[in-house]
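The values are calculated or read from the model by the stated rules, or taken from the named source; none is laboratory data. Since we're looking at a predicted model, the values are computed, not measured. Here the Cβ positions follow ideal geometry from the backbone for every residue, glycine too, while neighbour counts run over all protein chains shown.
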Amino acid sequence: MKLSKSGKHVFASDFGTSFYKFGPWWLMKKGPDVVENRGYFPKISKVSAEIRGITPREVIVGPEVTEYLESRADLTRLHYPMRNGIVERNDERGWRVIKELVRYGLKKYYPGEKAVDGTPFNGFYVVVSLAAQSPTYMFERMFSIHEEVNAEEGGNLVRAVTIIPQPLAVAIAERATTCIVIEAGHGNTQITPISRDVIRTALIPLNRGGSDSDRIAAQILRDLGYPELAREEKFVRIFKESVGLVPIDLDKAIKWAKEHPSVLQSVFRIPGTAVEVDMGDKVWQRFLIGEYFFNPSHEIFESYYSRGFTPPKDTLIGGEVIPGNVSLAEAVKRAIAKTPVELQAAISKNLILSGGAFNWSVPPALKGVATDSPTKMKLMLSKLGIETKPKMVSDPQYSVWRGSVVYGMAVPETLRWNWSTLEGWHYV
Ligand SMILES: Nc1ncnc2c1ncn2[C@@H]1O[C@H](COP(=O)(O)OP(=O)(O)OP(=O)(O)O)[C@@H](O)[C@H]1O
Ligand SMILES: [Mg+2]
């Protein structure tokens, strides 16, 4: 990646519900740095900190957090600022975590007076990518956090900040101008028709993501008799990723699994732990974990709902209620219907899947029953009369970050932030 002539040093920050992905343009080939989007608020008192010779800090972020997690009780001091891609306006702890992450990321890559390519460094041009449905206060808060961090760290860290919707960054990374991007991470799924820019009136943000597969996986663990394991988020996620399967057709997959009990692996040893889970004759439930993300309205989940398991929350958008358990295909259909008729064919043809929640793989022995995300979407949409061949980005968890770097390079320094177009640089 070449620097723009002016020597603009772009730094991109993708704030996700589970991960903060960040780094300067010179990581473009390698991919962004990643830390969990969370902070730890230590109890340690000033006095005891002085005695132990450490500086007391209000919040810890990044890899250091692990050092503080000595006991289970400490988990209550751990704060994850985002729910479904959004930080609540009044979540002061959450905003403290975001600010610390901003500081951590920028300082880690601060090159000094000269950048890696020998050109003078006068602060980063920071591209912050946020969920497309982010309310205005998130924009304002991001600007002020960067101003504060820059002032507190000597004034040469940040030059300017801009903000881009995550799905638009994906479209830029994929060089697509007319498309639908479905960006599905841990906490939210943005079904985003794009024609040069995001068609905001057609955007459908769902309160759904990989975390919903985690919830059903946790319920399955409880039903199997592992309630302790089900309580530990990290463990549940590892379990989900290694055990979950996306069925081509859920009913057929379950029938097949019951008829061929020995083909599906049912005992799982979780890497890096001493834990073993035996799914026994419930091994068919592996398919529920994948299906749930795509279609929580499948009737099989009724038995979960009637036991108090809650479906994803509804979305209220432009006066319309999108049910939380809507199938992804149905949501895509609704988003398409909200775009001008003339555009509908063109955008439906180009469906781009991105984000970790689509990252499912298919064990070779299960090719006839399990499938990958693009194929699942294709089949579901076809049933609704939409024929298209969805494409998955090559690096689903990093395409937002990559697109943000490209975007930052392209926005001219002279373009000032404009609240009506939501474009340009906000100089700090
Ligand atoms: N191989 C995999 N199989 C299943 N799920 C996976 C796999 N790899 C990653 N995931 C899931 O992807 C999610 C993280 O994706 P991503 O990094 O895109 O989310 P995020 O950016 O933190 O959140 P969001 O964009 O929703 O705010 C997690 O739920 C994770 O478990
Ligand atoms: Mg994300």
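Summary table below
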read-out	value
Answer from 422, 384, 415, 343 - the residue that is touching a Lys or Arg at 6+ places or on another chain (Cβ under 7 Å) and surrounded by fewer than 19 Cβ atoms within 10 Å (Cβ to Cβ)	384
Where residue 134 falls short, out of the listed (1) touching a Pro at 6+ places or on another chain (Cβ under 8 Å); (2) hydroxyl-bearing (Ser, Thr, Tyr); (3) modelled with pLDDT under 95	(3)
Single residue of segment 247-280 satisfying the filter (outside any loop (DSSP other than H, G, I, E, B) and small (Gly, Ala, Ser)) that is farthest from residue 292 (Cα to Cα)	280
Residue selected from segment 116-135 under the condition in contact (Cβ under 8 Å) with a residue 60 or more places away in the chain and hydroxyl-bearing (Ser, Thr, Tyr), by the criterion nearest to ligand 2 (Cβ to nearest atom)	129
Per-region count, segment 15-37, residues more than 16 Å from ligand 2 (Cβ to nearest atom) and not charged (D, E, K, R)	5
One residue from 175, 215, 208, 141 being on the phi > 0 side of the Ramachandran plot and outside any strand (DSSP E or B)	175
Qualifying residues in segment 218-246 (those that are small (Gly, Ala, Ser) and assigned to a loop (DSSP other than H, G, I, E, B)) - the one farthest from residue 348 (Cα to Cα)	225
Strands (runs of 3 or more DSSP E) within segment 314-428 that include 1 or more residues in contact with a Cys (Cβ under 9 Å, 6 or more places away or on another chain) and more than 16 Å from ligand 2 (Cβ to nearest atom)	351-354
Test for residue 290: is it buried (at least 19 other Cβ atoms within 10 Å of the Cβ), in contact (Cβ under 8 Å) with a residue 12 or more places away in the chain, assigned by TED's automatic domain parsing to the domain that holds residue 222 and small (Gly, Ala, Ser)	yes
Subset tally (residues that are within 19 Å of residue 123 (Cβ to Cβ) and of a type outside the set (Phe, Trp, Tyr)) for segment 13-27	4
